[in-house]
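K.L.:
First the structure, which I've put down as structure tokens, then a few questions once you've had a look.
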Amino acid sequence: PDLHAEVEGPCPPLQSLEERFSALLESDLSRLAPDLQAPVWQAAGIARLCLADAGPAVALHGDLHHDNILQEADGSWRTIDAKGVIGCRGYEVANAFGNPLGLERVTRDPSYHAALAAHFACVLDLPARRILEWAVAHMALALVWAAADGTAAVSEWNETLPVLLSALDG
């Protein structure tokens, strides 16, 4: 079944991307490790650009990545752990760029990110650059969430954000 297919019945309340990103855009970045402050600040600017030019809003899973897509015994696919977000369809795949966790050789490989962005761009009918911008924005948001929770950010994300940022420069 189509992840974004219409459903019958009332839709539960969905969090807007503007509300979701307020944690990043209104955050005191001094709470982050010093080496992360500049990249997260740069990513916050990119998030503002994405939000300002988001296009039509659609209902999104909000946490779509490798571990939240399961194959059933009958071969069908199922998504789990939906967050219920509404906004640009390009955000839907942003979390995939920092996953799968534990495969640093993949998540820190610029060619992986370029290929992933190109694929998603075709599927979502958006520019690959915009897909990468959403990935950068989400990675910074995840780092801010981790700092706000007082939990250690996934170190892979600390290393992946600069790789994603450099993909935008290249």
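K.L.:
Residue separation times 0.36 nm, minus the C-alpha to C-alpha distance between residue 148 and residue 169: what's the value?
P.N.:
4.7 nm
K.L.:
On to the next question. Using a cut-off of 15 Å between beta-carbons, work out the net charge of the residues near residue 147 (Lys and Arg +1, Asp and Glu -1, residue 147 not included).
P.N.:
-3
K.L.:
Give the calculated FRET efficiency between residue 70 and residue 30 to the nearest 0.05, with a Förster radius of 35 Å applied to their Cβ-Cβ distance.
P.N.:
The computed FRET efficiency comes out at 0.35.
K.L.:
Ignoring everything except DSSP H segments at least 4 long, calculate the 222 nm mean residue ellipticity for the chain; use -39,500 (n - 2.57) per segment, divide by total residues, nearest 500.
P.N.:
-16000 deg cm²/dmol
K.L.:
Probe 1.4 Å, all protein chains in place: accessible area of residue 97 in Å², nearest 10?
P.N.:
Near enough 0 Å² of accessible area.
K.L.:
Gaussian network model of the chain, Cα springs within a sub-10 Å range: biggest mean-square fluctuation belongs to which of 69, 46, 86?
P.N.:
In this elastic network of the chain, the residue with the biggest mean-square fluctuation among 69, 46, 86 is 69.
K.L.:
Given the Cα-Cα distance of residue 19 and residue 122 and 0.36 nm per residue of separation, how much length would full extension add, in nm? Don't skip to the answer; put the middle values down first.
P.N.:
On the way: separation 103, 0.36 × 103 = 37.08 nm, distance 2.77 nm.
Extra length from residue 19 to residue 122 when fully extended: 34.3 nm.
K.L.:
What does the charge count near residue 84 come to, summing +1 for each Lys or Arg and -1 for each Asp or Glu among other residues with Cβ under 14 Å from its Cβ?
P.N.:
Here the charged neighbours net out to -2.
K.L.:
Continuing with the same structure: Between the helical axis of 110-124 and the dominant principal axis of the chain, each derived from Cα atoms, what acute angle in degrees is found, rounded to the nearest 10?
P.N.:
40
K.L.:
Still on this structure: Can you list which of the GluC sites (Glu not before Pro) found in the stretch 8-116 are DSSP loop residues with at most 10 other C-beta atoms within 10 Å?
P.N.:
On the way: sites: 8, 18, 19, 26, 72, 92, 104; in loops: 8, 26, 72.
Hits after loop and neighbour filter: 8, 26, 72.
K.L.:
Averaged over every viewing direction, what's the projected area of the C-alpha convex hull for the stretch 90-149? Give it in nm², one decimal, please. Mind dumping the intermediate values first?
P.N.:
Values: hull surface 16.1 nm².
The directionally averaged projection comes out at 4.0 nm².
K.L.:
Give me the net charge of residue 97's neighbourhood, meaning all other residues with Cβ under 15 Å from the Cβ of residue 97; Lys, Arg count +1, Asp, Glu -1.
P.N.:
Cβ neighbours under 15 Å give a net charge of -4.
K.L.:
Sticking with this structure for a sec: Take the Cβ-Cβ distance between residue 77 and residue 48 as r, set R0 to 41 Å, and report the resulting FRET efficiency rounded to the nearest 0.05.
P.N.:
Efficiency for this residue pair is about 0.75.
K.L.:
A further question on this structure: Order 77, 145, 41, 134 by their accessible area, 1.4 angstrom probe, all chains in place, largest first. Write down the numbers at each step before the final one.
P.N.:
On the way: 77 150, 145 85, 41 180, 134 0 Å².
I get 41, 77, 145, 134, largest accessible area first.
K.L.:
Here's another thing I want to ask about it. State the dimensionless ratio Rg/Rh of the chain (Rg: radius of gyration of Cα atoms; Rh: Kirkwood radius). Don't skip to the answer; put the middle values down first.
P.N.:
On the way: Rg = 15.7 Å, Rh = 16.5 Å.
Looking at the chain, the ratio lands at 0.95.
K.L.:
Using a probe radius of 1.4 Å on heavy atoms only, what accessible surface per residue do you get for the stretch 1-147? Whole Å² is fine.
P.N.:
Heavy-atom SASA per residue in the stretch 1-147 reads 54 Å².
The values are calculated or read from the model by the stated rules, or taken from the named source; none is laboratory data. Remember, predicted model here, so these are calculated numbers, not experimental data. Quick reminder, even Gly has a Cβ in these numbers, built from the backbone with ideal geometry, and neighbours come from all protein chains shown. Note: accessible area is taken over every heavy atom of the protein model, side chains too, but ligands, DNA and RNA are not part of it. Shrake-Rupley method; radii C 1.70, N 1.55, O 1.52, S 1.80 Å.
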